[in-house]
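Coordinate-derived values only; no laboratory data. Predicted model, so just to flag it, every value in this text is computed and none were measured. Positions of Cβ are generated from backbone atoms using ideal geometry, with glycine treated the same way; all protein chains shown enter the neighbour counts.
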Amino acid sequence: MSVPRRAGLVALGILALWAAFTLANWLTGRFWWWGGAAPLVVFFAAPLAVLWAVATLLLARARLSRLERALVGLAAAEAALVVLHRLLSGRTWVWVIPDLMVPPLLFALLPVALLAAVGVLALSRARVAGRARWWTALLASAALVLGLDQAGLRAPWGGGLDGPVPPGALRVVSWDTFCWDTTDDPARFLRYLKKWSADVYLLQEHSGCGPGAPTPIDDGEQLRREFPSRYFATADGLLTISRFPIVRDLALGTVPNPVATNWRRAALRTDLRVGGRVLSVYNVHLYDMLYLSSSPLTGDFYRSMRLLDAARATQLRELVTDVDGNANPVLASGNFNLLPGMGYTRRLGHLNDAARAGGPLYPATLTFAGLRLWRMDWTFTSPGVDVHRYALRSPEGLSSHHLQDMAVSLAANENAAASTLPNPKPKVR
């Protein structure tokens with residue numbers, strides 16, 4: 001048996017094994033078999049693999065070799081995937097699963113890899129027809145042009161856009177704590193929180209994990225001891241801790257969650273008196289995109305996904321409406337459960353992404369099955385807020401989400417009047 005044939009059989013065997021594990025994962029919801037992410041890595045390629053198979057069938061009668069057909073088919077599949085993503089993401093719940101299955105970074109990496117492959121084949125004088133190379137290059141280039149802004153890459157020239165950190169800047173940290181300290185050492189958890197010495201903490205999942213999560217936590221007295229002389233506001237697992245007086249707080253996005261019935265609100269707005277001005281801070285946690293509490297082979301799974309998608313759209317609409325009608329400078333931060341390039345992010349396009357001020361080229365915040373490939377956590381600001389530094393900090397094993405750490409200040413040309421409300425007393429609501 002020839003080496004290529006043997007390699008092909010090995011590849012088919014690996015693919016069959018992966019398919020078996022993937023099916024088992026879907027049926028059981030257990031994505032951590034063997035403590036690793038091997039089945040998931042290939043699982044991400046499923047939408048592309050389906051489109052590739054379709055493209056290969058359409059090219060069956062073309063006068064192309066197997067290699068040429070594979071190259072052109074893969075480039076066509078990538079271009080089709082990007083087009084479908086732009087057309088369907090955020091417009092229909094049907095695209096929720098493909099949104100989650102394809103890490104956004106692939107929208108940039110795969111076209112670049114295809115273009116590199118074309119270059120290597122041309123230089124090596126491999127037996128690949130010129131028209132196949134040209135079609136591959138053309139389709140890969142189109143996919144790159146259409147998909148680059150969907151990949152979630154931070155422009156490397158955008159760092160420090162609002163200048164160095166000035167005296168009196170606010171340090172804001174935002175973090176999805178993943179069930180608070182209920183799955184960790186509580187003392188270690190508090191040490192991690194306090195070490196940031198932030199002026200404003202925006203914390204999500206100030207709650208336990210369980211059926212109908214979040215489950216409330218009554219730790220108001222402890223919070224007052226650990227964060228003396230601070231102001232507190234809470235709502236449905238959202239906790240805001242501020243060094244500045246809270247002159248108003250408001251829970252937003254009250255929509256029933258079809259699965260986690262105790263979770264009813266999308267955001268907690270707190271208006272902070274900073275000097276003689278007011279800064280509106282939104283602590284955000286939109287509903288999850290789907291739950292694996294039921295099998296994907298049942299109608300309940302897709303019904304809950306459809307209802308969740310509709311609820312998330314309503315939550316985001318209410319949040320954007322409140323932000324747009326707010327005359328104060330605005331900072332909105334938290335776990336939006338939105339991926340780069342998703343249709344929903346277009347509704348926030350008029351705000352500034354704080355990640356432009358620094359951080360990694362690919363600011364992924366969520367680690368799943370050992371892979372840090374997704375950005376679910378964001379910070380958006382209005383033109384009245386300058387972002388001088390933005391960084392992602394390791395959760396040190398306490399959460400699956402990285403912590404957002406930023407330095408912000410109110411823009412000098414922003415004329416915001418001081419609130420006439422009396423100074424509130426520190427309290428947990």
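Observations, loosely collected:
- Backbone geometry of the stretch 331-345 corresponds, through the Karplus equation with coefficients 6.51, -1.76 and 1.60 at θ = phi - 60°, to 3J(HN,Hα) couplings of 10, 10, 8, x, 8, 7, 6, 10, 9, x, x, 5, x, 5, 5 Hz, x marking Gly and Pro.
- Shape of the stretch 44-150, Cα gyration tensor, a/c cut at 1.5: prolate
- As a proxy for reagent exposure, ranking 353, 377 by other Cβ atoms within 10 Å from fewest up yields 353, 377.
- The dipole here belongs to the stretch 44-150: it is taken about the Cα centre, uses +1 on the Cβ of Lys and Arg and -1 on the Cβ of Asp and Glu, and is about 560 debye.
- Shape category assigned to the stretch 285-366 from the gyration tensor of Cα positions, a/c cut at 1.5: oblate
- Backbone amide hydrogens, once placed in the peptide plane, bring residue 365 within less than 5 Å of 374, 375, 376, 377, excluding anything fewer than 5 places away on its chain.
- The modelled label-to-label distance between residue 145 and residue 254, using points 7 Å beyond Cα along the C-beta direction, is 4.9 nm.
- Amide H contacts for residue 277 (H built 1.01 Å from N in the peptide plane; partners 5 or more residues away or on another chain; cut-off under 5 Å): none found.
- Within the stretch 64-108: backbone nitrogen closer than 12 Å to the residue 310 label point (7 Å, Cα to C-beta): 93
- Ranking 245, 282, 294 by how far each Cα lies toward the positive end of the dipole of the stretch 243-295 (charges on Cβ) leaves 245 at the top.
- Only Lys, Arg (+1) and Asp, Glu (-1) charged, at Cβ; the stretch 168-410 dipole about Cα centre in debye: 500
- Farthest toward positive dipole pole in the stretch 44-150 [+1 Lys/Arg, -1 Asp/Glu at C-beta], among 100, 124, 139: 124
- Protection proxy ranking, highest mean first, for peptides 279-286, 292-299, 217-224: 279-286, 217-224, 292-299, where packing is the per-residue count of other beta-carbon atoms within 10 Å, averaged.
- Cα gyration tensor shape for the stretch 105-177, rounded if a/c is under 1.5, else prolate or oblate: prolate
- Likely footprinting exposure, 54, 255, 72, fewest C-beta neighbours within 10 Å first: 54, 255, 72
- Here the stretch 171-235 is treated with +1 on each Lys and Arg Cβ and -1 on each Asp and Glu Cβ, and its dipole about the Cα centre works out to around 340 debye.
- Applied to the stretch 101-114, the Karplus parametrisation 6.51 cos²θ - 1.76 cosθ + 1.60 on θ = phi - 60° returns per-residue 3J(HN,Hα) values of 6, 9, x, x, 4, 5, 5, 9, 5, 5, x, 5, 5, 5 Hz, with x for Gly and Pro.
- Listed values for the stretch 63-72 are Karplus-derived 3J(HN,Hα) couplings in whole Hz (6.51 cos²θ - 1.76 cosθ + 1.60, θ = phi - 60°), namely 7, 10, 6, 4, 5, 5, 5, 5, 5, 5, and x replaces Gly and Pro.
- Estimated distance in nm for a label pair at residue 292 and residue 66, the labels positioned 7 Å out from Cα along Cα-to-Cβ: 3.5
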